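Notes for the one structure printed next.
The values are calculated or read from the model by the stated rules, or taken from the named source; none is laboratory data. Here the structure is a predicted model, which is why all the values come from computation and not from measurement. Virtual Cβ from ideal backbone geometry, glycine too; neighbours counted across all protein chains shown.
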Amino acid sequence: MAQHKLQTNRMQAIKCIDRRALKGKEDSLENEIKVLRKLKHSNIVQLVETFEDKNKVYLVMEL
């Protein structure tokens with residue numbers, strides 16, 4: 001769980017994915033991100049932003 005820096009009343013969830021766990025499945029993650037970016041539905045958590053570093057991929061989502 002994280003708090004938005006500019007909108008302090010807005011809380012978001014962050015999904016952290018270890019790159020080592022993705023060995024050979026990188027395409028699956030890219031596909032999941034593409035699908036989540038396109039989805040806009042009240043019953044599905046919306047993807048807000050993605051960040052990457054050398055060890056992890058971070059998906060910022062609605063809480």
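Assorted remarks:
- Which listed residue is assigned to a loop (DSSP other than H, G, I, E, B) and without any contact (Cβ under 8 Å) to a residue 40 or more places away in the chain, from ASN31, ASN9: ASN9
- Total residues in segment 25-36, condition surrounded by 12 or more Cβ atoms within 10 Å (Cβ to Cβ) and modelled with pLDDT of 90 or more: 0
- In segment 1-19, residue modelled with the highest pLDDT [restricted to those that are exposed (fewer than 12 other Cβ atoms within 10 Å of the Cβ) and hydrophobic (A, V, I, L, M, F, W, C)]: CYS16
- Selection status of SER42, outside any helix (DSSP H, G or I), among the polar types (S, T, N, Q) and at pLDDT 80 or above: yes
- The residues on offer are LEU47, LEU22, and the sole one that is surrounded by 11 or more Cβ atoms within 10 Å (Cβ to Cβ) and under 11 Å from the mean Cα position of the chain (by Cα) is LEU47.
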